[in-house]
Amino acid sequence: MVRFSGLSLFAKALGNHQSWPELWPDAQPKPAYDAVIVGAGGHGLGAAYYLAKKYGITKVAVIEKGWLGGGNTGRNTTIVRSNYLYDESAHLYDHAVKLWDGLSQDLNFNVMYSKRGVMMLAHNVHDIQSFQRHIHANRLNGVDNEWLTPEQAKEYCPPLDISPEARYPVLGAALQRRGGTARHDSVAWGYARAASALGVDIIQNCMVTGIRRGADGAVEGVETTRGYIATKKVGVSAAGNTSVVMRMAGLDFPLESYPLQALVSEPVKPVFPCVVMSNTVHAYISQSDKGELVIGAGTDQYVSYSQRGALHIVEHTLAAICEIFPMFRRMRMLRNWGGIVDVTPDRSPILGKTPVPGLYVNCGWGTGGFKATPGAGDLLAYTIAKDEPHPINAPFNLDRFRGGRLIDEAAAAAVAH
Ligand code: FAD
Ligand code: PYC
C-alpha cells in the first residue's frame, strides 16, 4: 500500500484512537518525531530515505505545503552532470552522479537515468578558454570531460548547425559522457515510496509556518497549518522558499529567489541524442523519452516568487534554439512552466548546520540542484544524524559568506542568472 496520503498519515502519527477535530488544539498530545524535514522535493525525500535506511532513524516526518515533487523537482529539465570547476564542487556533484548510477536498483523504481552525454557549446574565445580550464580541472578530480572540435560535436549531435556563418558559431564543445538526464517525477516518487516503506510519514498539503525554539535557543518543534509537531531536529529543504522558512527561526540567509522557466515541444520521434547546453546564448535542450523536446531558459532578471518566467526570456531562448538547430524552426511548443530557484552569491549550495542547534539546511542549489538530488539527500541525512557535516559538504557551510571562502561556480552553473 502506498502510504503517503497526507491526512491519514498525520492521523496515524497521532494514534488511531484520535478523531480529526481533536488534532487542532495545541493542548492535545503532540506527535514527537526524531526529525522533521521541511519540503517533499527530491532532496527532502532523499534525506528522509537515507535517515531511515542508513541511520535507522525512521520516526521522520516530511512536511510539504503542496504535493510531493510539485516544487522544482517536478519542474526542472532533468540535466545530470558533475563538470564543476572547483575541487569541493567536483566532489559534491560527482558524489551525486555516482549515486544516480545505482539509484533505480536501490529504490526498486526506475528513475530512468540515461547517460546520453552533456555537451556544452563554445561560441567564442572566452568560452573555449573557460571550458578547457574546466576540462583540465575536472580530469584532475577524476571527473570525465573532453574537448570536441566542431566536427566531432556535430557527429555527436547531428542536428547541430556548425556552419561558419551561423549566428552563434560553434567553435568546439566540452562533453561529459557520464552526464545525461533522469525522470524527475520518478525520483520524487521513488524516494517517497522507499522512505514510506521504512516508516517515514509524508504529510502533504501542510505548510510549515513557524519554528519553535526553547529557552536554550535549540529547536523544539515546528508550527504547521495542521498543528504543532514536536521534534529536536529540523532539516529545511525548501528550495526557493528557504529565506522565508529560516526567518521563522530568526535567521537571515544570503539568498535571492528567481523564477526559472522551461518548456516542451509537441512529441516527435527520436531526433535528439544527447543534452546540449549553450551557456552563452542561454538555451539548453534534450529530448524526453515521451518524444518532447525539453528546452530551458535563463532566470528572470529580477527577484520574484512567481512560478512562471517572463515571456521575453523564453522568446530569446527559442530564437537561440532555432539558430543553433535550424531543423526545429517549425516545431510547436506544447506547454511552459516555471519554478522558483534560490541563488547564493557564489552560485554554490549551503548544506550543513545553522547557528540554531537542531536546525539544518539544504538550499541555494539555484538553477542546478536536480543533478545533486541523491547526493544532497544523502549528505543532509548524514549531517542530521551525526549533528556534523560530512567532509564532502563541510565546505558548503553558511560561514563561508562571513569568512570569504566562497566557491564561485557561476560559470559551471551554466544557466544565465
Ligand atoms: P523542491 O523540489 O523545490 O522541493 C522543495 C519543497 O519545499 C517544495 O515542494 C515546496 O512546496 C516545499 N516547501 C517550501 N516551503 C515550505 C513550507 N513552508 N512548508 C512546507 N513545505 C514547503 N537542476 C539541474 O541539476 N538540472 C536541470 O536541468 C535543472 N533544470 C531546471 C529547470 C527549471 C525550470 C527549474 C525551476 C529548476 C531547474 N533545476 C535544474 C534546479 C532543480 O530543479 C532544483 O535545484 C532541485 O530540484 C531542488 O530540489 P529540492 O528538493 O531542493 O526542491
Ligand atoms: O545545472 O545543468 C544544469 C541546468 C540545466 C538547466 C538548468 N540547470
Which one of these does K269 not meet: (1) in contact with a strand residue (DSSP E or B) (Cβ under 9 Å, 6 or more places away or on another chain); (2) more than 9 Å from ligand 1 (Cβ to nearest atom); (3) assigned to a loop (DSSP other than H, G, I, E, B); (4) farther than 30 Å from G221 by Cα?
(1)
Whichever residue in the range 57-87 is assigned to a helix (DSSP H, G or I) and under 10 Å from the mean Cα position of the chain (by Cα) and, among such residues, is farthest from ligand 1 (Cβ to nearest atom):
G74
Quick one: which of A297, A320, A376 is in a helix (DSSP H, G or I), of a type in the set (G, A, S) and near ligand 1 (Cβ under 10 Å from one of its atoms)?
A376
Given (1) within 12 Å of ligand 1 (Cβ to nearest atom); (2) more than 24 Å from L85 (Cα to Cα); (3) buried (at least 19 other Cβ atoms within 10 Å of the Cβ); (4) not charged (D, E, K, R), index of the condition W337 fails:
(3)
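So that you can scan it fast, the table gives a plain yes or no per residue for (1) more than 14 Å from ligand 2 (Cβ to nearest atom); (2) surrounded by 21 or more Cβ atoms within 10 Å (Cβ to Cβ); (3) closer than 29 Å to T383 by Cα; (4) not small (G, A, S):
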| residue | (1), (2), (3), (4) |
| --- | --- |
| T231 | yes, yes, yes, yes |
| Y258 | no, yes, yes, yes |
| V276 | no, yes, no, yes |
| Y284 | no, yes, no, yes |
Give the residue, chosen from V264, V187, that is among the β-branched types (V, I, T), out of contact with any Cys (no Cβ under 7 Å at 6 or more places or on another chain), closer than 30 Å to D101 by Cα and assigned to a helix (DSSP H, G or I).
V187
Output yes when any residue across the range 348-359 is within 26 Å of P254 (Cα to Cα) and out of contact with any strand residue (DSSP E or B) (no Cβ under 8 Å at 6 or more places or on another chain), and no when none is.
yes
For A239, which of the numbered conditions (1) over 30 Å from D101 (Cα atoms); (2) part of a loop (DSSP other than H, G, I, E, B); (3) under 21 Å from the mean Cα position of the chain (by Cα) fails to hold?
(1)
The range 380-417, residues that are within 22 Å of G70 (Cα to Cα) and at pLDDT 95 or above
L380, A381
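The values are calculated or read from the model by the stated rules, or taken from the named source; none is laboratory data. The structure displayed is predicted, hence computed values, not measured ones. Positions of Cβ are generated from backbone atoms using ideal geometry, with glycine treated the same way; all protein chains shown enter the neighbour counts.
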